[in-house]
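The numbers here are math on the coordinates, done by the rules we state, and not lab data. Being a predicted model, the structure only gives us computed values, none of them experimental.
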Amino acid sequence: MKKTSFKYLLEIFALFFKIGSFTFGGGFAMIPMIEKEVIEKKGWVKKEELMDIFAVSQTVPGAIAINTATCIGVKLAGRIGAVFATAGIILPSLIIITLIASLFTTLEAGPVINAAMEGIQPVVVALIVTAAVRMWKTTINDVVGVLIAIVTVVLITVFDVSAIVMILLGALTGMVINRFFPDKAKKIVKKELSE
């Protein structure tokens, strides 16, 4: 049975409020912080579980960070956990954007704001690359995985194939491997269970 004490729900809310408050760049930029907080600090989910949550979060409409928070909330405390996690991740942005919107005419195109944004953007890119490298290390462990990753990058960047289509193709590829190469599929499952 999942924990649903009010104290635990507030802990979920507070963690996602923190993530939402201190991560700039939105969705993908939040992934490293979600990983650090939820896996390393709290131990609420395993790396493999978080990778699955990221995959599911990417396939449904909405921002990946919000979808991820919602899925983690469900895992931790059911539907009410989803409400607290989602509220926590959304509220900081809602507060900040409301303040910025109310001051927009004053801040619009100011040199200080533009300079700050120019400094933040490379940091956000670096955070996304860091998340990608960490995910690569935990999920891509053979030639087939490398080939799937390379084909995915090429199809998305060169041919503008939708990420959703690529995730569905990845799922189909996994099912084909399981069907026609069951030893490889068993080896992957055995490796995940041993970690």
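Overview of values
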read-out	value
Hull-based mean projected area of the range 1-109, where the convex hull spans the alpha carbons, in square nanometres	7.5 nm²
Cα-based helix-to-principal-axis angle, 47-59 vs the chain, degrees rounded to 10	70 degrees
Rg to Rh quotient for the chain, alpha carbon positions, Kirkwood Rh	1.02
Three-way shape label, the range 22-67, alpha-carbon gyration tensor, a/c 1.5	oblate
Principal-axis tilt of helix 6-22 within the chain, Cα atoms, nearest 10 degrees	80 degrees
